[in-house]
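Read through the structure below, which is laid out as structure tokens, and then see the notes.
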Amino acid sequence: MHRSLLQAAGFYPSDLDLQKRVFDVLRAEDQCQPRSPEAEDIATRLVNLFESGRNTEAELLEGGRPRTQFRKVG
């Protein structure tokens, strides 16, 4: 995860462990490299979600995944 974001936020070690677990899952799903711009986007999303009150693994996974919009057929 982007180190400057984590230092500025002042998270507890357990918060960091949770965010790291979710980050690793989302990064693997997106198949992006650890220090890529895509990975930094994931880290930023997770920090923002956590700071807005989403602090469970399920909430972070749900909120951290990009939303896919489908067109209505017909």
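The values are calculated or read from the model by the stated rules, or taken from the named source; none is laboratory data. Because the structure is predicted, anything quoted here is derived from the model rather than measured. Using ideal geometry, Cβ is built from the backbone for each residue, glycine included, and neighbour counts are taken over all protein chains shown.
Among residues of segment 30-52 that are of a type in the set (Gly, Ala, Ser), those with a Cβ under 6 angstrom from a residue that is outside any helix (DSSP H, G or I) and surrounded by 16 or more Cβ atoms within 10 Å (Cβ to Cβ), sequence gap 6+ or separate chain, pair up as Ala39/Cys32; Ala43/Met1; Ala43/His2.
Please pick out the residue among Val47, Val73 that is β-branched (Val, Ile, Thr) and either in a helix (DSSP H, G or I) or at pLDDT 90 or above (or both).
Working: Val73 fails: either in a helix (DSSP H, G or I) or at pLDDT 90 or above (or both).
Criteria check complete, one pass: Val47.
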